[in-house]
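Below: the structure, in structure tokens.
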Amino acid sequence: MRSLLMDASGERLELDAYLEDFDKRFWKAGSSDEASFWKLERRQSFKEPGVESWEAFFRGEWGTALALIAEQKDHYERYFQRIADHGFGLHRVRVVEEPVTPYLQWELHLLRLKEQCGEDTRIVKVDDISPLESGTEFPEIAIIGSSALYEIIYDDDGTLAGGIRYTDEGLISDCRKIIRDIHGSGERLEAFFERRVAPLTPPAVDGK
């Protein structure tokens, strides 16, 4: 997939411009067969300053982090109902390396709640996608219908820094097919969570 992006022309958006453009397009995704939102997450660790449950996790307050996630249930039920009312769905591929990183242990708890509220998440192992990566890791990707594909950009610490927007419909279609095929071969999040995440002890975090 990275080779497809390297051969394409995209526009680099700084953080504020990326967030504004993303939000504007997201709610206008439409209701056609190609209107769904697709996301591919490849990195195993991010930083999410401003997210209360992540900040609690990062401080080493695991119980508080989980409680804060649980408190978001009403919010996500309303959010995914709004998405359904707009006529599209949200599909995610989450690549997982084992042993699961502390960040990913936290995120999978959050993604489980999102799935219970309406998101469609599948888990794939690194070994399952390595033939497709050909030695170069997949980028972080979000696709909004046929409107835009974003390569999501993070700084060295894993904090969101902006994105590169692509609008070529052929490129969007090709990348969406790759992500959709990976999604179709993945394991449902709930099954993976019960087998590989639920038994884990609270993660050790240095808070730095």
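The values are calculated or read from the model by the stated rules, or taken from the named source; none is laboratory data. Bear in mind that the values here come from a model prediction, so they are computed numbers and not experimental data. Cβ: placed from backbone, ideal geometry, glycine included. Neighbour counts: every protein chain shown. For the accessible areas, the whole protein counts, side chains as well, though only heavy atoms, and no ligand, DNA or RNA atoms are used. Shrake-Rupley method; radii C 1.70, N 1.55, O 1.52, S 1.80 Å.
Below are the figures for this structure:
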quantity: Members of the stretch 186-208 found to be in contact (Cβ under 8 Å) with a residue 60 or more places away in the chain and surrounded by fewer than 12 Cβ atoms within 10 Å (Cβ to Cβ), listed by number; calculated: ALA204, GLY207
quantity: ALA84 being free of Cβ contacts under 8 Å to residues at least 24 places away in the same chain and more than 24 Å from ILE178 (Cβ to Cβ); calculated: no
quantity: Test result for LEU149, open to solvent by 10 Å² or more (accessible area, probe 1.4 Å) and assigned to a strand (DSSP E or B); calculated: no
quantity: GLY118 vs. criteria more than 17 Å from ARG196 (Cβ to Cβ), surrounded by fewer than 17 Cβ atoms within 10 Å (Cβ to Cβ), touching a residue at least 40 places away in the same chain (Cβ under 8 Å) and not polar (S, T, N, Q); calculated: yes
quantity: Count - residues of the stretch 72-115 that are closer than 21 Å to PHE58 by Cα, surrounded by 15 or more Cβ atoms within 10 Å (Cβ to Cβ) and out of contact with any Asp or Glu (no Cβ under 6 Å at 6 or more places or on another chain); calculated: 17
quantity: Conditions (1) open to solvent by less than 40 Å² (accessible area, probe 1.4 Å); (2) more than 16 Å from the chain's Cα centre (by Cα); (3) touching a residue at least 60 places away in the same chain (Cβ under 8 Å): number failed by ALA65; calculated: (3)
quantity: Members of the stretch 34-62 found to be within 17 Å of the chain's Cα centre (by Cα), among the charged types (D, E, K, R) and open to solvent by 50 Å² or more (accessible area, probe 1.4 Å), listed by number; calculated: ARG43, LYS47, GLU48
quantity: The stretch 134-146: number of residues that are surrounded by 16 or more Cβ atoms within 10 Å (Cβ to Cβ) and either in contact with a His (Cβ under 9 Å, 6 or more places away or on another chain) or in a loop (DSSP other than H, G, I, E, B) (or both); calculated: 5
quantity: Total residues in the stretch 11-43, condition under 19 Å from LYS177 (Cα atoms) and either among the acidic types (Asp, Glu) or touching a Lys or Arg at 6+ places or on another chain (Cβ under 7 Å) (or both); calculated: 5
quantity: Count - residues of the stretch 152-181 that are over 13 Å from LEU5 (Cα atoms), in a helix (DSSP H, G or I) and either open to solvent by less than 10 Å² (accessible area, probe 1.4 Å) or of a type in the set (Ser, Thr, Tyr) (or both); calculated: 1
